[in-house]
Amino acid sequence: MPKQQIKQILALQDFEMPVEVSGWVRNRRGSKNVAFVHLNDGSCQKNIQIVVDAAHIQEDLIKKISIGACIKVSGTLVASQGSEQDREILATRLIILGESDPEKYPLQAKAHSMEFLRENAHLRTRTATFGAIFRVRHALGFAVHQYFNEQGFYYWQSPIITASDAEGAGETFRVTTLDLNKLPKTDDNRIDYKEDFFGREANLTVSGQLEAELGALGLGLVYTFGPTFRAENSNTSRHLSEFWMIEPEMAFYEAKDNQDLAENFLRYLIKYALDNCKDDLGFLDQRFAKEEQQKKKEEQSEMGLLEKLRFVVENDFERLTYTEAIDILLDSKPHKKKKFKYPVAWGIDLQSEHERFLVEKHFKKPVILSDYPKEIKAFYMKQNDDGKTVRAMDVLFPGIGEIIGGSQREENLEKLKQKTDELGLTEELWWYLDTRRFGTAPHSGFGLGFERLVQFVTGLSNIRDVIPFPRAPLSADF
């Protein structure tokens, strides 16, 4: 008999037919002679009920069916008389693939805190919540590749080990083969990186953007989708030390083209999840509603999870400049009543509270901000004619804040070299400058934090709950 997943069995139209399924026991009830087992194999949100009767299965096997155990069942699919399901399997053969001690198994048939489940990340995929989260994560990842393939983009692999820091913040993880207990030194007592594997300092990438630009200035349209790393010592619900980034780069795209692509891309991904993850999102919608009820009334979302996702898909994003946003914030009640934690003034780097006010209170829809002050943005962003701003853009989402950051890139060699000279990067980035020296072209791109997208779509409040094994300060278990 071919292997069958529970989602396939739940889709069958015929009953009184033989089936075979394997999975983990979520719950069991009954007596020593008859057990009703809720089995899940991770293929879908729903469990399937297995009826294990001593008339067909040995009692010693029935006793071994406990929460967390892995079993393989052969039997007959029949219509169920119970109120919670329309079908069940009458077991005629059962194999215990892996026993579980019900007294020690961490995931009992009760609600567990998210913190507890983070501490048991090696088992949390077996819960209904994390099964839903990671199936949605998979669907969104698949949709990323499908979207760009449909749009004529090429999948580009930027290096994970690099000698450049695209963000310029210096918060990188070093990569070395040097013996840290016996470091080679130069005459002036500095570490001699010429003795290292690459003959120079190297680190884990914080962004694949600079190398993706090289791809775009030859292939036209490229995108990266891979892990990035930042050694920022931020132990919060919004930060990870290892996270996944999607970074498209497009030759011949200017600022408006970049904004159009970002909006269309996000809508596509969310619609894909709505169309293909109905059961999981339905479950997460109920979970989201329960969590909102526990918040203060003024902190509660005005929309349910599914309602919010549909709203994003069906409505245009609001577009305005950074300067216009500052004017709105200065005129806002929170600013006038001094309720913002951080001050508001032209030239500041907007904080999450400012971004969320614009999205959640003022416009009540996603927002695309553009034309930021050049002093608070990266060296590679194209300068505007006003001499004060650059063609940057950020896409802001409710509950998340910034979900996409991007810009039109500076294609003018003289202007770009002036910036790299100021930062002392000209010698290091000679290859990047060469793309402006030989056949330069207008081009744009952006970065989408994949985990922030998954957070928004699943309604989770902590970013550590949307990646299988979160990496954060003092946290590298599993």
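Quick notes on this one:
- Checked against (1) open to solvent by 100 Å² or more (accessible area, probe 1.4 Å); (2) more than 23 Å from the chain's Cα centre (by Cα), Glu314 passes all but condition (2).
- Residue among Ala255, Ala325, Ala289, Ala273 that is small (Gly, Ala, Ser), in contact with a Leu (Cβ under 8 Å, 6 or more places away or on another chain) and under 29 Å from Gln146 (Cα atoms): Ala273
- Qualifying residue in the stretch 149-156 (condition: in a helix (DSSP H, G or I) and out of contact with any Pro (no Cβ under 9 Å at 6 or more places or on another chain)): yes
Rundown of residues vs (1) more than 17 Å from the chain's Cα centre (by Cα); (2) not β-branched (Val, Ile, Thr), yes/no style:
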residue: Glu213; (1), (2): yes, yes
residue: Ile246; (1), (2): no, no
residue: Ala251; (1), (2): yes, yes
residue: Ala262; (1), (2): no, yes
residue: Leu266; (1), (2): no, yes
residue: Leu274; (1), (2): no, yes
residue: Cys277; (1), (2): no, yes
residue: Gly282; (1), (2): yes, yes
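- First in the stretch 78-95 and β-branched (Val, Ile, Thr), second anywhere and not in a strand (DSSP E or B), Cβ under 7 Å, 6 or more apart: Val78/Phe15; Val78/Glu16; Thr92/His56
- Looking only at residues of the stretch 233-247 that are touching a Gly at 6+ places or on another chain (Cβ under 9 Å) and of a type in the set (D, E, K, R), we find that the one that is surrounded by the fewest Cβ atoms within 10 Å (Cβ to Cβ) is Arg238.
- Put simply, of Glu247, Glu211, Glu254 the only residue that is closer than 22 Å to Thr426 by Cβ, modelled with pLDDT of 95 or more and in contact with a strand residue (DSSP E or B) (Cβ under 9 Å, 6 or more places away or on another chain) is Glu211.
- Checklist (1) open to solvent by 70 Å² or more (accessible area, probe 1.4 Å); (2) touching a residue at least 60 places away in the same chain (Cβ under 8 Å) applied to Ser100, failing item: (1)
For every residue, the table says whether it meets (1) under 30 Å from Leu217 (Cα atoms); (2) surrounded by 15 or more Cβ atoms within 10 Å (Cβ to Cβ); (3) more than 21 Å from the chain's Cα centre (by Cα).
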site	(1), (2), (3)
Ala79	no, no, yes
Glu84	no, no, yes
Gly131	no, yes, no
Arg137	no, yes, no
Gly141	yes, yes, no
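- Scope the stretch 75-110; condition closer than 17 Å to Ala35 by Cβ and either charged (D, E, K, R) or touching a Phe, Trp or Tyr at 6+ places or on another chain (Cβ under 7 Å) (or both); matching residues: Val78, Glu84, Glu88, Arg93, Glu99
- Looking only at the stretch 184-232, residues that are open to solvent by less than 60 Å² (accessible area, probe 1.4 Å), farther than 24 Å from Ala378 by Cα and in a loop (DSSP other than H, G, I, E, B) come to 5 in all.
- Meeting the requirement of 3 or more residues that are within 21 Å of Lys110 (Cβ to Cβ), touching a strand residue (DSSP E or B) at 6+ places or on another chain (Cβ under 8 Å) and open to solvent by 60 Å² or more (accessible area, probe 1.4 Å), the strands (runs of 3 or more DSSP E) wholly within the stretch 1-60 are 17-30.
- In the condition set (1) under 22 Å from Lys46 (Cα atoms); (2) modelled with pLDDT under 95; (3) of a type in the set (Lys, Arg), Lys104 is compliant with all but (1).
- Within the stretch 380-478, helices (runs of 4 or more DSSP H) holding 2 or more residues that are in contact (Cβ under 8 Å) with a residue 24 or more places away in the chain, open to solvent by less than 20 Å² (accessible area, probe 1.4 Å) and in contact with a strand residue (DSSP E or B) (Cβ under 8 Å, 6 or more places away or on another chain): 450-458
- In the stretch 44-68, the residues that are farther than 23 Å from Ile9 by Cα form no Cβ pair under 8 Å with any partner that is buried (at least 21 other Cβ atoms within 10 Å of the Cβ) and of a type in the set (D, E, K, R), whether six or more places apart or across chains.
- From the options Glu254, Glu302, residue that is closer than 24 Å to Thr435 by Cβ and open to solvent by 70 Å² or more (accessible area, probe 1.4 Å): Glu254
- Residues that are open to solvent by less than 20 Å² (accessible area, probe 1.4 Å) and of a type outside the set (Phe, Trp, Tyr), drawn from the stretch 261-281: Leu261, Ala262, Glu263, Leu266, Leu269, Ile270, Ala273, Cys277, Asp280, Leu281
- Test for Gly405: is it closer than 30 Å to Glu298 by Cα and modelled with pLDDT of 95 or more: yes
The values are calculated or read from the model by the stated rules, or taken from the named source; none is laboratory data. What you see is a predicted model, and the numbers here were worked out from it, not measured in a lab. Note: ideal-geometry Cβ built from the backbone for every residue, glycine included; neighbour counts use all protein chains shown. Calculation scope for accessible area: heavy atoms of the full protein, side chains included, ligands and nucleic acids excluded. Shrake-Rupley method; radii C 1.70, N 1.55, O 1.52, S 1.80 Å.
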